[in-house]
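Shown next, in structure tokens, is the structure this report addresses.
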Amino acid sequence: MERHYYQLSHRGKLILFYCKRESAANEDRGGLTFSCLSFKREESRFVKAAEGAADISGKAPSHADVVMCQCAINVQVRASTPCVLMMKSGKGDSFQYSLLALSSSNQLEPCIDFKLAYKIRGKVTVLHGPTVMWSHAGNVFYTSPQAGEVRQIPIEFSHFIFGELPHLKERNFIVGVSENFPNKQPSRQTLGYFVGSGHVFDGTMIMPHPYTSITQCILVLSAEKEGNVLKSDVVAATSSKQLVYFKNGVVKETCQLPFEEPESIQVVNTGRNGCMFVVFFHQGHVCAVCRETFQIAFHWSGVDSVHVEDFVGCGTDQMLLVFKDQDISGQQLENFLLTDLCGISFANCPDNRAPNTAHPPENHLLTLQALESRLQSGLTVLQELQREERSKERVLQQSLRVLSGAVSDREPVVTLPEQEGLVALWDCDDESKDEGCDDKNQDSPAVSSKPRVDKLWHRITEDQMVVGVILTTDSSVPFASVSLSILTETGQSSTPAVIQTQSQIFWLPAPSSSSSSSASKFPEPAAKRSRQHSGSRLYDLNTRRLAVTAATMLTSLLNSGRVKCRVMLHYIQRLDAFALVSNETPTVLHCGDVSLDICSGLQTRLLKNPELKTDEALEDFLSLMAVLDHWLFHLNSPDYSLGDVSSWIQKREDCKRIEVSPQYLLLNPAGTSAPMLLCWHQISPFQGELSVHSSQFQMFHLLDSLLAFLPSTCSIKSIKGTRRQDSAPIFSLALEKEVMTLRECLPSLLCEEERQKEEKKSLREEEIPDLGSAGGLEKVREMWLQDVERSRIRLSPLVDVERYRRLTQNILKVQLDTDLAALLDSQKTLLS
């Protein structure tokens, strides 16, 4: 019995495939067995975590063997899957090939079966799909579950390389030197061919023509399409012992490799310590190249295979080097090295297999410069902390002196806050002290002013008209229930008509005022901490700008060629920020008039150039937010971090960042599709929220692409809109106020009963009558009857009518407020 071992890594584990052959009298029976090894950090060794087997011999006598194994994206499960390509040869000249995929339940499942009249001896790889690609007799062939058969590439290449473009619809490609082409294009040119779609592209967008014929293997770091132009970052290893970095088909960096015949390139992301490229060579050599300096950091020899995964489970990648000449029993590895070349290193190999390191002089200089920079940064932070500590100590000592002076009736000497490098929490000056602020004026609220309308605009977006106003106020009194209404005057009737609208509210950054000039004269200290605004409060217009929009359908406005509309602002001004809406009377403010013209007001500036940072671009952005449907999704990935979601969104076609609101990305595809707004907020490395403003069809298309990118263990949950989060604290406050009202009012009704209890207590404290006389017995009887009456009244107490009426009114008023808060919390379309 003999075994042949093949290794690959997946999800932090090392998977060993070995084909067992048992010779019988007249046939060969084979079985494919696998073992999953996980690294135990406490024991510094690999142990078996799972195992399984599959019978691949079949009914007919055959000889089975493993061709290769590799991880690839399985589009059916939308996750990376370990794949192993098996070959079975019978007595004839036919060869049966099977691609088996290892499922999450540790079962080997058939994925592709195909038959060839020859044995694959050339290049073979497994890419996205999974797609099996190989070469034979100067031709390139491929097959996949989508293709359903073996197909031949219609281009003849004298030299070619297989590759995969990340995050694009067309991923698998071939780039090489073409000798002839069916369309009679010039010979000896660099062409690229997308497998599956059959599209041909200019191969020089990947690498220049002179490098195509000498490249042995490539790794595409990133790729994106802008029209018909393919932009990419590619690392390639050549037969000239060079590692070359290409950016958009142009050579940017080169590194001389110490060995020949490179076979594969992998990237190791070590987190804050940067990235490295690991190159594996045919003779069992491995070298690591630093991405930042593009110089060799380390190299090893006598390596059987190299794998890149997070074996330790620390959130970053490590390299696993499995050395040759060892007996893998399926239980553990004997000779290996697990390291990230930074701070993680676990070795289990003899001294003669210790890794050989290369230390170019440039690396020492770069290391010293990096350490010096870190040391300087650490010293700066330490000095700032010491300075802040001394300031706090002076403030504490001065506060103690003031307290001791106040106790002993001495006048304390207080230094100015500016001398201590501090900033007062309240903006007080000498003039305000002269004017004086007594407690009476502080208790009564100041007379509030109306919100000021800074600008009124309107836009026409698709079949809707959006009217918006930007408000500011100098009042300290909060506002609530802010909305807009539109009244039309068509000229045919003197009575204005109310148009049905849907209002939305957006917070805007505080505008720059005249205080900015004074701030330039007196610069703000670095240690000053500004007070943050609570997003859960009701619309406190004291320190913020507010944009209110109203969207309505155009069909009700196009009865005449030109329509004049009045824009009215509705709000409630309250004296108490925590008071409920139903306590006050709504106020209406005329913001201005807009004239609707179908030939003007079209929204085009932001869509054509999202990099604009003007008031018109902001108005276009708010108009888009008003008309597009909004969804909010919560992403939870327990096994993998979500750090690549932001880059995946930015690499989508026609995706650009909006400068007026940098947290949003605009997707404006060519054609009739409506634009899309995306906002990604990462809560933790494994959780995040994705806000989508688009049509329902676009939202489903985006989710489909996102699910194909995310691992299978990641879950996406739809949650309510963000406006619901503002109404939740109001609802809780209303419930709390209702409970407190009931607790305070109910005991007041029973005050008469308390008085009766006091009378009963006083009667009991009286002298007990003589039970031997008739008068005493009569008095005891009267006392007993009084106790019976008091017990009846206590079970059915009588309350004062006027007091009960006041209690009922108060409770009904509070319950109305609670019902309104519950309605605001339950209906997403109703504004807070």
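The values are calculated or read from the model by the stated rules, or taken from the named source; none is laboratory data. Note that the coordinates shown come from a computational prediction; the quantities given were computed from them, not determined experimentally. Virtual Cβ from ideal backbone geometry, glycine too; neighbours counted across all protein chains shown. Ligands, DNA and RNA are stripped out before the accessible areas are found, and what is left, the full protein with its side chains, is counted by its heavy atoms. Shrake-Rupley method; radii C 1.70, N 1.55, O 1.52, S 1.80 Å.
With respect to the conditions (1) at pLDDT 90 or above; (2) under 38 Å from the mean Cα position of the chain (by Cα), SER239 lacks only one, and its number is (2). Taken over the range 777-822, the residue count meeting the criterion of being over 19 Å from LEU746 (Cβ atoms) and free of Cβ contacts under 8 Å to residues at least 40 places away in the same chain is 17.
Of all residues in the range 258-295, those satisfying the criterion of being more than 23 Å from PHE162 (Cα to Cα), open to solvent by less than 30 Å² (accessible area, probe 1.4 Å) and among the hydrophobic types (A, V, I, L, M, F, W, C) are CYS275, PHE294.
Yes or no: ASN74 at pLDDT below 85 and either under 32 Å from the mean Cα position of the chain (by Cα) or open to solvent by 40 Å² or more (accessible area, probe 1.4 Å) (or both)? Answer is no for this residue. Residue by residue through the range 562-581, note down the ones that are open to solvent by less than 60 Å² (accessible area, probe 1.4 Å) and either of a type outside the set (A, V, I, L, M, F, W, C) or at pLDDT below 75 (or both). Matches in the range 562-581: VAL563, HIS570, TYR571, GLN573, ARG574, ALA577, ALA579, LEU580, VAL581. So, GLU653, is that one in a strand (DSSP E or B), charged (D, E, K, R) and either touching a strand residue (DSSP E or B) at 6+ places or on another chain (Cβ under 8 Å) or at pLDDT 90 or above (or both) or not? The answer is no for GLU653. Quick check: is even one residue across the range 263-284 of a type in the set (Gly, Ala, Ser), within 23 Å of CYS36 (Cβ to Cβ), modelled with pLDDT of 90 or more and in a strand (DSSP E or B)? Yes, the range 263-284 has at least one match.
Going through (1) modelled with pLDDT under 85; (2) open to solvent by 30 Å² or more (accessible area, probe 1.4 Å); (3) within 44 Å of the chain's Cα centre (by Cα) one by one, TYR18 falls short only on (2).
With the checklist (1) among the aliphatic types (A, V, I, L, M); (2) modelled with pLDDT under 85; (3) over 30 Å from LEU816 (Cα atoms); (4) part of a helix (DSSP H, G or I) in hand, flag the one item ILE768 doesn't pass. With (1) among the aliphatic types (A, V, I, L, M); (2) modelled with pLDDT under 85; (3) over 30 Å from LEU816 (Cα atoms); (4) part of a helix (DSSP H, G or I) applied to ILE768, the lone miss is (4). Could you list all residues from the range 145-170 that are open to solvent by 40 Å² or more (accessible area, probe 1.4 Å) and under 18 Å from ILE265 (Cα atoms)? GLU164, the sole residue that qualifies.
From the list VAL140, VAL126, VAL175, which one is surrounded by 15 or more Cβ atoms within 10 Å (Cβ to Cβ) and within 18 Å of CYS83 (Cβ to Cβ)? That would be VAL126, the only listed residue that is surrounded by 15 or more Cβ atoms within 10 Å (Cβ to Cβ) and within 18 Å of CYS83 (Cβ to Cβ).
Hey, does the range 416-429 have a residue that's modelled with pLDDT under 75, closer than 23 Å to PRO258 by Cα and open to solvent by less than 100 Å² (accessible area, probe 1.4 Å)? No, every residue in the range 416-429 fails to be modelled with pLDDT under 75, closer than 23 Å to PRO258 by Cα and open to solvent by less than 100 Å² (accessible area, probe 1.4 Å). Across the range 593-623, the qualifying residues are those that are charged (D, E, K, R) and at pLDDT 75 or above, and the one among them that is surrounded by the fewest Cβ atoms within 10 Å (Cβ to Cβ) is LYS608.
Checked against (1) buried (at least 18 other Cβ atoms within 10 Å of the Cβ); (2) of a type outside the set (S, T, N, Q); (3) under 28 Å from PRO210 (Cβ atoms), LEU85 passes all but a single condition, namely (3).
Taking the range 208-234 as the range and being under 27 Å from the mean Cα position of the chain (by Cα), of a type in the set (S, T, N, Q) and open to solvent by less than 20 Å² (accessible area, probe 1.4 Å) as the test, only SER232 passes. Residues that are under 19 Å from HIS167 (Cα atoms), assigned to a loop (DSSP other than H, G, I, E, B) and open to solvent by 50 Å² or more (accessible area, probe 1.4 Å) within the range 633-650 comprise TYR640, SER641, ASP644, listed in sequence order. Filtering the range 685-703 to residues that are assigned to a strand (DSSP E or B) and in contact (Cβ under 8 Å) with a residue 60 or more places away in the chain leaves SER691, VAL692, HIS693, SER694.
One residue stands out in the range 111-143 among those that are under 20 Å from VAL66 (Cβ atoms) and part of a loop (DSSP other than H, G, I, E, B): the one that is modelled with the highest pLDDT, namely PRO130.
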